[in-house]
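> The structure is given below, and queries will be raised subsequently.
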Amino acid sequence: MEPDKPSTYNLQQEQLILPERVTVRDPRGGQYVIVSVLGKGEFGAVYLVRERQSKRDLFALKEIINPNKDEREHFTFEAEVLKRLNHVALPRVHRVFENDRLKRVYLLMDYISGRNLEALRQEQPAKCFSLPLALALLAPIADALSYLHAQIPPIVHRDVKPANIIVPEAGGQAMLVDFGSAKEFIPGSVTNVVSRRTPGYAAPELYRTGTNPRTDIYGLGATLYVLLTGVAPVDAPSRIAGNWSTRTDPLNPAHLLNSTIPIGVSEALQRAMAMKTEDRFGTVAEFWRVLTAQSMQQMASTSPLEISQPHPTQPIEDAPTQPLRKELYAPRSKKRRILRIFGLLKGHSS
């Protein structure tokens, strides 16, 4: 029966996941011992590995099992995109290689020890963050997107969402991961429909064709929307259907879901998530400037955090990358460190 196919497929994939202590060999001589499985996907897994020679260096090793020609080409493209980038909020890729014996393609990258924003959001009492903290967390992500869009040709991430943003436990700023849907944007070219879409965060054009840098503005706006309200945005197909049947957008303005959100911020989010790409902000930097301006008055009276703005025209080494304050990452136990990151230990000394 049709419903059984995914289960059968997942079982087959599960059986192909490599166990701990297995060594994956790079044709160039590298040997990587699997420590644990970080995650499993439709085409393979991501492992935490240790470089055998150093016995200390940890990496993330992403794989595709038995890839076809298209999968191999896209995986290689993802690696090449990341290898040439240099931004503190983007993971560093070291190499891509094939293991003929295992019939797999691998991508070796930096391991970021931390948790994603979706998991951390779910732990909050109201499933959301304050405006100052949400902006502080997303400032480096906005800067990274501006950096990607400033490349020649521009690179569109196409999968911006809380689950793809990691907050390092050791301190520092959030990082944008998973470039499996990324694509170079060439004006006038036709983009294919993206097979991997996350309802609520995927812009309408991801369900058809025509993605461009403003696709990421939609994803960034949707991410900030859920961080501030605790409610995932209505998915694009439902919004299209609502506009068609009732001439009203079922996406509720953020300030109606959380009264502490300034109306100006709410309006900026609605514009960032406009159904038509031409109705959105022209750039991530413009979106962030409006957010900052609209929220500055409230933040000045309630927040000790500094919010940076993206400056995509600056060299990356000069781009502002304000980290969250070090005291938010005080060296406590893991549980207390996570609580401190999100302001749940107010009144406790460090």
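The values are calculated or read from the model by the stated rules, or taken from the named source; none is laboratory data. Just so it is clear, the structure is predicted and the values come from calculations on it, not from any experiment. Cβ coordinates were reconstructed from backbone atoms using ideal geometry, including for glycine residues, and neighbour counts include every protein chain displayed.
> Within the bounds of the stretch 47-66, is there any residue that is touching a Leu at 6+ places or on another chain (Cβ under 7 Å) and assigned to a loop (DSSP other than H, G, I, E, B)?
no
> Follow-up. Out of everything in the stretch 219-258 that is assigned to a helix (DSSP H, G or I) and among the β-branched types (Val, Ile, Thr), what residue ends up being surrounded by the fewest Cβ atoms within 10 Å (Cβ to Cβ)?
We begin by selecting, within the stretch 219-258, every residue assigned to a helix (DSSP H, G or I); these are 219-229, 236-246, 254-257.
Imposing the further condition that a residue be among the β-branched types (Val, Ile, Thr) reduces the set to 223, 226, 229, 240, 246.
Working: 223: 27, 226: 23, 229: 22, 240: 15, 246: 9.
In this case the residue turns out to be 246.
> Let me ask something else about it. Kindly provide the set of residues from the stretch 122-132 that are surrounded by fewer than 21 Cβ atoms within 10 Å (Cβ to Cβ) and not in a loop (DSSP other than H, G, I, E, B), ordered by number.
Within the stretch 122-132, 122, 132 qualify.
> Among (1) over 13 Å from the mean Cα position of the chain (by Cα); (2) outside the structural domain of residue 262 (by TED's automatic domain parsing), there is one condition residue 89 misses while meeting the rest; what is its number?
Of everything listed in (1) over 13 Å from the mean Cα position of the chain (by Cα); (2) outside the structural domain of residue 262 (by TED's automatic domain parsing), residue 89 misses just condition (1).
> Does residue 104 fit the bill of being under 29 Å from residue 199 (Cβ atoms) and surrounded by 17 or more Cβ atoms within 10 Å (Cβ to Cβ)?
Here the answer is no, as residue 104 does not meet what is asked.
> Condition first: touching a residue at least 40 places away in the same chain (Cβ under 8 Å) and at positive phi. Now tell me which residues in the stretch 228-271 satisfy that.
230
> Would you check which residues across the stretch 125-140 are in contact with a Pro (Cβ under 9 Å, 6 or more places away or on another chain) and under 18 Å from residue 161 (Cβ atoms) and list them?
Across the stretch 125-140, the qualifying residues are 139, 140.
> Has the stretch 288-297 got at least one residue that is in contact (Cβ under 8 Å) with a residue 24 or more places away in the chain, polar (S, T, N, Q) and under 23 Å from residue 209 (Cβ atoms)?
no
> I'd like the residue in the stretch 75-84 that is surrounded by fewer than 18 Cβ atoms within 10 Å (Cβ to Cβ) and not acidic (Asp, Glu) and, out of all such residues, is modelled with the lowest pLDDT.
77
> Mind counting the residues in the stretch 108-122 that are touching a residue at least 60 places away in the same chain (Cβ under 8 Å) and aliphatic (A, V, I, L, M)?
So the count comes out to 4.
> Tally up the residues in the stretch 163-175 that are of a type outside the set (D, E, K, R) and either crowded, with 24+ Cβ neighbours inside 10 Å or in a loop (DSSP other than H, G, I, E, B) (or both), please.
6
> Would you confirm whether or not the stretch 214-226 contains a residue that is modelled with pLDDT under 95 and closer than 23 Å to residue 39 by Cβ?
No: zero hits.
> Next question, about the same structure. Here are some conditions: (1) without any contact (Cβ under 8 Å) to a residue 40 or more places away in the chain; (2) closer than 18 Å to residue 287 by Cβ; (3) among the polar types (S, T, N, Q). Residue 198 meets all but one. Which one does it not meet?
The single condition residue 198 does not satisfy is (2).
> While we're here: Test residue 115 against the stated conditions and say whether it is under 15 Å from the mean Cα position of the chain (by Cα), closer than 30 Å to residue 265 by Cα and surrounded by fewer than 21 Cβ atoms within 10 Å (Cβ to Cβ).
For residue 115, the condition - under 15 Å from the mean Cα position of the chain (by Cα), closer than 30 Å to residue 265 by Cα and surrounded by fewer than 21 Cβ atoms within 10 Å (Cβ to Cβ) - is met.
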